[in-house]
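Asker: One structure is given below, represented as structure tokens, and several questions about it will come after.
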Amino acid sequence: MTYLAKPKLHHPALPKNKLGFTRRDYEGAVSTLCAGCGHDSISAAIIQACFELALPPHRIAKLSGIGCSSKTPTYFLGVSHGFNSVHGRMPSVLTGANLANRDLIYLGVSGDGDSASIGLGQFAHVLRRGVNMVYIVENNGVYGLTKGQFSATSDKGSKSKRGVQNMDAPIDMIGMALQLGATFVARSFSGDKAQLVPLVMAALHHHGAAFIDVISPCVAFNNHVGSTKSFDYVREHNDAVNRLDVIEGRAEITADYAPGTVESVVQHDGSVLRLRKIHADYDPHDRISAMAFLQERQAAGEIVTGLLYVDPEAHDLHDHVETVEKPLNELGEAELIPGNEALQKLNASLR
Amino acid sequence: MPQPIASTNDFVVKFANVNGSGSASANLLFAKSILRMGVPVATRNIFPSNIQGLPTWYEVRVSAAGHLGRRGGVDLMVAMNPQTWAQDIASIDPGGYLFYDSTKPMPPSKFRDDITVIGMPLTEICNKAYADPRQRQLFKNIIYIGALAALLGIDAAAIEQLIGEQYKGKEKLFGPNRDALHMGHDYATQRLKPISLKVARADAVGDRVFIDGNSAAALGAVYGGATVAAWYPITPSTSMAEAFQRYCRRYRVDPATRKNRYAIIQGEDELASVGIVIGAAWNGARAFTCTSGPGLSLMQEFLGLAYFAEIPAVLFDVQRAGPSTGMPTRTQQADILAAAYASHGDTKHVLLFPEDPYECFELGALAFDLADRLQTPVFVMLDLDIGMNEWLTKPFQWDDGHRLDRGKVMTAADLDAGKEFGRYLDVDGDGIPYRTYPGTHPSKGAYFTRGTSRDRYARYTEEGAAYVDNMQRLLRKFETAKKLVPAAVRTPAKQPAKAGVIYFGSTAAAMRESLAALEGQGIHLDALRLRGFPFGTEVIEFIAAHEQVFVVEQNRDAQLRTLLMTEGGIDPAKLVPVLHYDGTPITGRFITGAISSLLRAVKPLREVAS
Ligand SMILES: Cc1ncc(C[n+]2csc(CCOP(=O)(O)OP(=O)(O)O)c2C)c(N)n1
Ligand code: SF4
Ligand SMILES: [Mg+2]
């Protein structure tokens with residue numbers, strides 16, 4: 001397998017965003033995943049979201065663990081720096097990167113094996129710390145790259161391709177994210193681009209730990225009858241609580257909606273999320289009732305999707321450790337080295 | 001009864017205390033007062049990690065000759081912990097002294113008849129003088145320091161001055177401490193018989209400072225420009241992270257905004273800690289973690305990634321003995337191989353071996369320049385003996401003209417000027433490629449970081465030839481490292497010598513003492529103190545120039561010797577291991593005994609004195 005560069009021949013009619021970039025400018029190398037893999041749709045959604053937000057691609061850093069899902073950063077944002085780290089440990093590498101330069105956008109991509117099994121601890125702690133990032137788990141309920149073993153998000157009773165039943169209780173990453181203090185929590189489906197793209201956009205605008213669990217069927221190992229992560233099953237059981245129609249800058253909201261059906265959420269950076277309610281009573285600002293609602297629906301076999309929780313005034317790790325505004329990696333000698341005089345004073349106190 | 005030991009400025013005092021009784025600061029006061037009299041001391045804390053009653057010992061070696069290694073033996077035992085009484089009494093050298101709290105009468109069977117027993121009713125004195133139990137406890141310590149000062153001839157004014165410095169501006173605390181000191185001093189002067197151990201004013205301390213290696217290493221990290229630290233608590237490295245926090249609060253807060261020019265994260269484990277360091281270093285910040293053996297074991301996978309992805313991570317390994325339920329509060333140099341070859345695949349890492357707190361500072365700061373220059377993990381190998389004990393050490397110096405060496409980093413201007421960028425391209429022939437920081441340029445210089453499945457331009461490939469090409473370049477880089485790590489320090493024997501000795505790290509103080517002692521026995525050895533790995537040519541040449549070379553280290557398996565054999569292609573027969581690994585710091589006596597008996601046992605290598 002070698003690297004395949006995508007031809008960068010731009011069609012003159014391709015639409016451009018505010019920065020003058022076309023969608024192609026946000027693409028990466030040609031994917032080497034299986035044709036039809038859900039992960040590729042998520043890559044496409046990330047490309048679309050970054051394009052629509054007109055983010056300068058080089059100001060995004062993409063980090064991942066190991067797995068088919070973790071390979072995907074090669075397939076989007078080709079002019080961004082990327083880091084394919086080790087299995088289950090993307091969160092710590094991303095945390096360090098974020099500490100070094102608070103000015104970049106951090107996009108962490110992981111799989112359900114990567115985040116719910118080997119990396120469960122790091123998944124938990126990166127959310128607890130409120131690292132400013134978008135953390136996407138491409139959740140297919142199996143280990144794709146190692147060829148189809150159950151992962152920790154496989155539902156109890158779910159059948160493997162070879163007919164073996166999973167008897168272990170599943171880890172619900174959304175429930176954990178809510179409990180651990182993530183300040184933006186969403187679930188979506190790789191087959192529902194209209195839902196996923198605005199969620200990714202909103203998460204990119206979130207100041208704090210944003211977590212998106214994207215159910216992303218593995219066509220090679222987990223798309224059969226008896227699987228609860230197949231395209232058919234997810235389509236049938238998708239229970240969206242709301243639709244994030246658009247996300248926009250500080251602009252006024254102009255479109256008309258029937259009263260009580262739309263909620264506008266203004267995030268820390270002024271971005272406005274227009275949330276169309278599907279479950280009239282679902283309140284995405286109430287962490288506790290969100291958890292209860294999710295548990296309830298999950299017990300009924302439903303897959304709840306949408307923007308499940310958001311704290312628009314969230315704080316991040318830099319706020320907590322009170323770092324200077326200037327990125328730490330730009331500080332020079334004058335700001336970092338106390339000098340010989342200070343050292344001589346210190347010497348004097350050590351005698 | 002043997003003759004009571006008589007010595008001026010050359011003896012060992014050992015304090016046996018109960019942890020948390022406030023003895024630590026009193027004992028430090030004792031040590032420092034001797035320093036103030038111009039007499040060098042070497043102090044060591046001994047603290048088992050899980051024995052009931054939490055005993056701690058503090059050993060003060062008074063040495064006008066300036067020997068800073070552990071001597072072994074006890075001339076004066078200050079026995080303040082009833083629970084360790086028996087073992088404390090047993091450890092006194094014949095002719096030595098016992099100082100104890102005689103408030104409660106003890107049967108003669110509890111003592112020895114070959115030592116001088118000095119009883120002072122400390123509890124009784126305290127109970128009379130103080131009503132508050134906490135005060136009774138705290139001042140008891142100061143009272144016995146006062147009494148010892150009187151017995152040993154330590155200038156009470158020197159102690160008073162130290163107390164004054166400690167409680168500067170806090171007259172309320174200073175007064176009672178001073179009074180307690182005099183209470184003890186007066187009692188001993190009036191009621192206790194003089195002893196033959198004495199401290200006499202000298203001028204052997206000079207401008208040296210007294211500090212522990214972990215603090216010095218933390219200071220090195222500050223001066224090395226570290227901005228991100230991630231760590232997980234583990235003895236004996238914890239106090240390094242704490243010291244970094246302390247120094248950052250002092251030196252790294254923006255005076256205008258009160259915001260921090262650093263970030264310290266207590267990770268959820270050592271994996272996360274090193275991961276954070278790798279992420280930060282990848283993104284252009286200087287970052288470090290500090291740990292000990294068990295933590296280093298956990299970091300293995302990440303260290304492989306850092307090696308292959310060429311990330312300038314800095315690790316401080318404060319080595320200790322054995323696993324977590326081994327001897328976590330004891331010292332060893334037993335992570336040498338685990339660090340040198342950490343991780344999967346063909347990996348080798350750069351190591352630095354500081355000998356004392358001064359070098360913890362110096363090499364600690366240097367580690368960051370080296371890591372950036374070489375784009376690879378760099379390990380600073382301390383041990384518990386250097387890390388957690390205060391040592392008399394050269395005063396710290398910093399060259400204000402020193403610029404941080406950020407290594408080969410391509411900037412936006414370089415890229416715009418059309419410089420060719422290949423993340424793993426060896427443009428200079430030294431094996432070190434250029435890197436870019438994320439976010440540098442809108443369209444140039446981005447690359448995807450992964451293990452070894454990539455070509456010179458960081459493009460994905462699993463081609464064998466590209467892998468080999470990369471591995472060869474990493475070897476060239478390691479060759480470059482040989483020239484950049486600090487060179488070994490050679491101490492020639494007074495007479496031409498056929499045998500040599502190699503040592504490193506905290507062994508240095510004991511080795512110096514031993515070299516002098518061996519010389520006294522007519523054994524002349526050229527000595528070489530290693531300061532880094534990979535070994536420079538001076539190391540290989542030193543071995544080649546001698547018939548036999550002793551390799552002194554504090555581990556069971558002669559790990560440095562293995563490294564010398566493997567990396568230097570040295571004939572094992574030539575390298576004679578001298579190994580100390582019971583968890584106590586190596587002593588000059590031990591090395592002298594081991595080398596002289598080895599020389600007697602093997603064929604006589606002794607140089608003929610002519
Ligand atoms: C330490 C370690 N153990 C095991 C592996 C092998 N491994 C690679 S990917 C993977 C599972 C990936 O599963 P998931 O994160 O769900 O990704 P998917 O391929 O399903 O997208 C495993 C076990 C590894 N790379 N590293
Ligand atoms: S194995 Fe599954 S997860 Fe991996 S690329 Fe194929 S479909 Fe996608
Ligand atoms: Mg998976």
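The values are calculated or read from the model by the stated rules, or taken from the named source; none is laboratory data. Being a predicted model, the structure only gives us computed values, none of them experimental. Methodologically, a virtual Cβ is constructed for each residue, glycine included, from the backbone with ideal geometry; neighbour enumeration extends over all protein chains shown. Note: areas computed on protein heavy atoms with side chains; ligands, DNA, RNA excluded. Shrake-Rupley method; radii C 1.70, N 1.55, O 1.52, S 1.80 Å.
Asker: State the number of residues belonging to segment A:32-63 that are more than 16 Å from ligand 3 (Cβ to nearest atom), open to solvent by 10 Å² or more (accessible area, probe 1.4 Å) and within 14 Å of chain B (Cβ to nearest Cβ).
Answerer: 6
Asker: Further question on the same structure: Within 30 Å of residue B:577 (Cα to Cα) and loosely packed, with under 14 Cβ neighbours inside 10 Å: does that describe residue B:521?
Answerer: Considered against the rule, which asks whether it is within 30 Å of residue B:577 (Cα to Cα) and loosely packed, with under 14 Cβ neighbours inside 10 Å, residue B:521 comes out as yes.
Asker: Looking at residue B:294, is it outside the structural domain of residue B:58 (by TED's automatic domain parsing) and out of contact with any Leu (no Cβ under 8 Å at 6 or more places or on another chain)?
Answerer: Working: outside the structural domain of residue B:58 (by TED's automatic domain parsing): yes; out of contact with any Leu (no Cβ under 8 Å at 6 or more places or on another chain): yes.
It is true that residue B:294 is outside the structural domain of residue B:58 (by TED's automatic domain parsing) and out of contact with any Leu (no Cβ under 8 Å at 6 or more places or on another chain).
Asker: Confirm whether residue A:100 is within 16 Å of ligand 2 (Cβ to nearest atom) and over 15 Å from the mean Cα position of the chain (by Cα).
Answerer: Taking the combined requirement at face value, the residue does not satisfy it.
Every residue, every condition in (1) of a type outside the set (Lys, Arg); (2) in contact (Cβ under 8 Å) with a residue 40 or more places away in the chain; (3) more than 16 Å from ligand 1 (Cβ to nearest atom), yes or no:
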position	(1), (2), (3)
A:190	yes, yes, no
A:193	no, yes, yes
A:198	yes, yes, yes
A:209	yes, yes, yes
A:239	yes, yes, yes
A:245	yes, yes, yes
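Asker: Looking at the structure I just gave you, is residue A:118 more than 15 Å from ligand 2 (Cβ to nearest atom) and within 14 Å of chain B (Cβ to nearest Cβ)?
Answerer: yes
Asker: In segment A:72-102, how many are assigned to a helix (DSSP H, G or I), free of Cβ contacts under 8 Å to residues at least 60 places away in the same chain and either more than 9 Å from every other protein chain (Cβ to nearest Cβ) or more than 16 Å from ligand 3 (Cβ to nearest atom) (or both)? So that I can check it myself, show each step before the final result.
Answerer: The initial filter retains those residues of segment A:72-102 that are assigned to a helix (DSSP H, G or I), namely A:72-75, A:90-100.
Checking the rest, the ones that are also free of Cβ contacts under 8 Å to residues at least 60 places away in the same chain come to A:73-75, A:90-94, A:96-97.
Now restrict to residues that are either more than 9 Å from every other protein chain (Cβ to nearest Cβ) or more than 16 Å from ligand 3 (Cβ to nearest atom) (or both): A:74-75, A:91-94, A:96-97.
Selection size over segment A:72-102: 8.
Asker: Moving to a separate point now. Going by the structure shown, is residue B:447 surrounded by 15 or more Cβ atoms within 10 Å (Cβ to Cβ) and facing chain A (nearest Cβ under 8 Å)?
Answerer: Against the criterion (surrounded by 15 or more Cβ atoms within 10 Å (Cβ to Cβ) and facing chain A (nearest Cβ under 8 Å)), residue B:447 qualifies.
Every residue, every condition in (1) under 22 Å from residue B:381 (Cβ atoms); (2) among the hydrophobic types (A, V, I, L, M, F, W, C); (3) modelled with pLDDT under 95, yes or no:
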position	(1), (2), (3)
B:507	yes, no, no
B:536	yes, no, no
B:549	yes, yes, no
B:562	yes, no, no
B:590	yes, yes, no
B:599	no, yes, yes
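Asker: Taking the stated definitions as given, is residue A:118 of a type in the set (Val, Ile, Thr), within 16 Å of ligand 3 (Cβ to nearest atom) and within 18 Å of residue A:85 (Cα to Cα)? Please lay out each step first, then the result.
Answerer: Numbers: of a type in the set (Val, Ile, Thr): yes; within 16 Å of ligand 3 (Cβ to nearest atom): yes; within 18 Å of residue A:85 (Cα to Cα): yes.
So residue A:118 passes the test.
Asker: Out of the residues in segment A:140-191 that are assigned to a strand (DSSP E or B) and among the charged types (D, E, K, R), state the one that is least open to solvent (accessible area, probe 1.4 Å).
Answerer: Among those residues, the one meeting the criterion is A:187.
Asker: Is it true that some residue in segment B:545-563 is touching a Lys or Arg at 6+ places or on another chain (Cβ under 9 Å) and without any contact (Cβ under 8 Å) to a residue 40 or more places away in the chain?
Answerer: Within segment B:545-563, not a single residue is touching a Lys or Arg at 6+ places or on another chain (Cβ under 9 Å) and without any contact (Cβ under 8 Å) to a residue 40 or more places away in the chain.
Asker: Taking residue B:60 as the residue in question, decide whether it is touching a strand residue (DSSP E or B) at 6+ places or on another chain (Cβ under 8 Å), buried (at least 17 other Cβ atoms within 10 Å of the Cβ) and in a loop (DSSP other than H, G, I, E, B).
Answerer: It is false that residue B:60 is touching a strand residue (DSSP E or B) at 6+ places or on another chain (Cβ under 8 Å), buried (at least 17 other Cβ atoms within 10 Å of the Cβ) and in a loop (DSSP other than H, G, I, E, B).
Asker: Another question about this same structure. Determine which single condition residue A:128 fails, assuming it passes every other condition in (1) more than 7 Å from chain B (Cβ to nearest Cβ); (2) within 16 Å of ligand 2 (Cβ to nearest atom); (3) part of a helix (DSSP H, G or I).
Answerer: If we test residue A:128 against (1) more than 7 Å from chain B (Cβ to nearest Cβ); (2) within 16 Å of ligand 2 (Cβ to nearest atom); (3) part of a helix (DSSP H, G or I), just (2) comes out false.
Asker: What residue, among those in segment B:451-462 that are within 7 Å of chain A (Cβ to nearest Cβ) and more than 27 Å from residue B:416 (Cβ to Cβ), is surrounded by the most Cβ atoms within 10 Å (Cβ to Cβ)?
Answerer: Of all residues in segment B:451-462, those within 7 Å of chain A (Cβ to nearest Cβ) come to B:459-462.
Those left that are additionally more than 27 Å from residue B:416 (Cβ to Cβ): B:461-462.
Details: B:461: 19, B:462: 11.
So the residue we want is B:461.
Asker: A follow-up question, please. Among the residues of segment B:84-105, are any within 22 Å of residue B:122 (Cβ to Cβ), basic (Lys, Arg) and without any contact (Cβ under 8 Å) to a residue 60 or more places away in the chain?
Answerer: yes
Asker: Okay, next question. Only one of (1) part of a helix (DSSP H, G or I); (2) at pLDDT 95 or above is not met by residue B:119, so which one is it?
Answerer: Going through (1) part of a helix (DSSP H, G or I); (2) at pLDDT 95 or above one by one, residue B:119 breaks only (1).
Asker: State yes or no: is residue A:147 within 16 Å of ligand 1 (Cβ to nearest atom), farther than 24 Å from residue A:241 by Cα and away from chain B (no Cβ under 14 Å)?
Answerer: Working: within 16 Å of ligand 1 (Cβ to nearest atom): yes; farther than 24 Å from residue A:241 by Cα: yes; away from chain B (no Cβ under 14 Å): yes.
Criteria met by residue A:147.
Asker: For segment A:318-345, what are the residues that are open to solvent by less than 10 Å² (accessible area, probe 1.4 Å) and in contact (Cβ under 8 Å) with a residue 60 or more places away in the chain?
Answerer: Across segment A:318-345, the qualifying residues are A:318, A:323, A:327, A:328.
Asker: Same structure, new question: Just checking, how many residues over segment A:192-236 are of a type in the set (S, T, N, Q) and open to solvent by 40 Å² or more (accessible area, probe 1.4 Å)?
Answerer: Summing the residues that are of a type in the set (S, T, N, Q) and open to solvent by 40 Å² or more (accessible area, probe 1.4 Å) in segment A:192-236 gives 1.
Asker: Right, another one. With segment B:175-284 as the region, which strands (runs of 3 or more DSSP E) entirely inside it contain at least 1 residues that are within 11 Å of another protein chain (Cβ to nearest Cβ) and open to solvent by 40 Å² or more (accessible area, probe 1.4 Å)?
Answerer: Working: elements: B:209-212, B:228-231, B:263-266.
The qualifying strands (runs of 3 or more DSSP E) are B:263-266.
Asker: Answer yes or no: is there a residue in segment A:179-197 that is within 16 Å of ligand 2 (Cβ to nearest atom) and either within 12 Å of the chain's Cα centre (by Cα) or within 14 Å of chain B (Cβ to nearest Cβ) (or both).
Answerer: no
Asker: It is to be established whether one or more residues within segment B:472-491 are in contact with a helix residue (DSSP H, G or I) (Cβ under 6 Å, 6 or more places away or on another chain), of a type in the set (Phe, Trp, Tyr) and more than 14 Å from every other protein chain (Cβ to nearest Cβ).
Answerer: no
Asker: Also, quick follow-up: Give the residue, chosen from A:66, A:105, that is within 16 Å of ligand 3 (Cβ to nearest atom), in contact (Cβ under 8 Å) with a residue 60 or more places away in the chain, within 12 Å of another protein chain (Cβ to nearest Cβ) and open to solvent by 10 Å² or more (accessible area, probe 1.4 Å).
Answerer: Sole residue among the options that is within 16 Å of ligand 3 (Cβ to nearest atom), in contact (Cβ under 8 Å) with a residue 60 or more places away in the chain, within 12 Å of another protein chain (Cβ to nearest Cβ) and open to solvent by 10 Å² or more (accessible area, probe 1.4 Å): A:66.
Asker: Please pick out the residue among B:496, B:438 that is open to solvent by 20 Å² or more (accessible area, probe 1.4 Å) and part of a loop (DSSP other than H, G, I, E, B).
Answerer: On inspection, the qualifying residue turns out to be B:496.
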